Each structure stands twice: as structure tokens, then as C-alpha cells.
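Since the structure comes first, as C-alpha cells, the remarks are kept for the end.
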Amino acid sequence: MEKVFESEYRFLLILWEYGPIASPRLVELCNQELGWKKSTTYTVIRKLTEKGIVRSEKTIVEALVSKEEVDRQAGEELLHRTCRGDIPAFFAAFLKDRKLSREDAERIRELIRKASE
């Protein structure tokens with residue numbers, strides 16, 4: 001999957017919440033939530049269609065990838081850009097000077113347990 005830029009991600013958040021959706025309604029939502037003009041919305045639809053992330057047929061627009069897929073790709077990119085793929089170093093940098101709730105710590109332990117099985 002090609003990289004999703006910040007403005008495209010904000011657009012996709014709307015699409016994931018309301019899609020599949022008629023493009024005129026999507027234009028309205030992008031105007032209300034992002035302050036975009038009609039032309040901006042259609043440009044982003046076209047770019048994401050070219051990337052294979054969105055489909056637009058007969059005025060209906062839908063996401064072809066999930067939020068989880070895009071978030072995972074962004075996380076991988078951040079991990080490699082900041083810590084060269086070193087997961088423990090990433091966690092150490094991220095958690096430095098940060099307090100975790102018991103619930104968050106338990107969720108992280110469970111994720112690590114599942115990933116190591």
C-alpha cells in the first residue's frame with residue numbers, strides 16, 4: 001500500500017465513519033469537518049483511487065482498506081524512521097517520562113504475550 005499523507009488520513013477518517021457514501025454528501029462532510037472545497041475533495045478521491053485505497057463508482061465512494069491497515073503501516077514507518085526497526089528502543093523512547101495506567105500496562109502485556117506466541 002502506498003503511503004497515506006495526513007490530509008488523506010483525515011479524509012479517510014470521514015470515509016470510514018460514513019462510507020460507502022455518495023460523493024456529493026462526502027463533499028458536504030469534508031467541507032464541514034475539514035473546511036475543504038469541492039475540488040479538494042474530488043482531488044483527494046482521485047489520488048486515493050489511483051493508490052488503490054479508495055473506490056469511486058457511480059458517485060459512491062468507499063474505502064478499500066481498513067483504518068487498522070493504514071494505522072499499522074504508519075506505525076511501521078514511524079518505527080523504522082525513528083528507531084530503525086528496534087522495537088524495544090521504540091518502546092523505551094515512547095514510554096520515557098510517561099506513566100501508564102494499570103489498564104494500559106495490562107493491555108500492552110497482553111499484546112506482547114500474543115505477539116510472542
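The rows are residues; the columns are (1) of a type outside the set (A, V, I, L, M); (2) surrounded by fewer than 16 Cβ atoms within 10 Å (Cβ to Cβ).
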residue	(1), (2)
Phe11	yes, no
Tyr18	yes, yes
Ile21	no, no
Leu26	no, no
Arg46	yes, yes
Arg72	yes, yes
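Scanning the stretch 10-39 for residues that are closer than 16 Å to Leu64 by Cα, of a type outside the set (A, V, I, L, M) and at pLDDT 95 or above turns up Arg10, Phe11, Trp16, Glu17, Tyr18, Pro20, Ser23. Within the stretch 92-106, not a single residue is part of a helix (DSSP H, G or I), among the hydrophobic types (A, V, I, L, M, F, W, C) and in contact with a Phe, Trp or Tyr (Cβ under 9 Å, 6 or more places away or on another chain).
Residues in the stretch 54-62: is at least one surrounded by 13 or more Cβ atoms within 10 Å (Cβ to Cβ), in contact (Cβ under 8 Å) with a residue 24 or more places away in the chain and under 30 Å from Arg109 (Cα atoms)? Scanning the stretch 54-62, I find no residue that is surrounded by 13 or more Cβ atoms within 10 Å (Cβ to Cβ), in contact (Cβ under 8 Å) with a residue 24 or more places away in the chain and under 30 Å from Arg109 (Cα atoms), so the answer is no.
Conditions (1) surrounded by 12 or more Cβ atoms within 10 Å (Cβ to Cβ); (2) modelled with pLDDT under 95, marked per residue:
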residue: Thr41; (1), (2): yes, no
residue: Glu76; (1), (2): no, yes
residue: Ala89; (1), (2): yes, yes
residue: Arg113; (1), (2): no, yes
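Only residues that are basic (Lys, Arg) and touching a residue at least 24 places away in the same chain (Cβ under 8 Å): list them for the stretch 1-53, please.
Listed by number, the residues that qualify are Lys3, Arg10, Lys47, Lys51.
The values are calculated or read from the model by the stated rules, or taken from the named source; none is laboratory data. Everything numeric here is computed off the predicted structure, so don't read it as measured data. Virtual Cβ from ideal backbone geometry, glycine too; neighbours counted across all protein chains shown.
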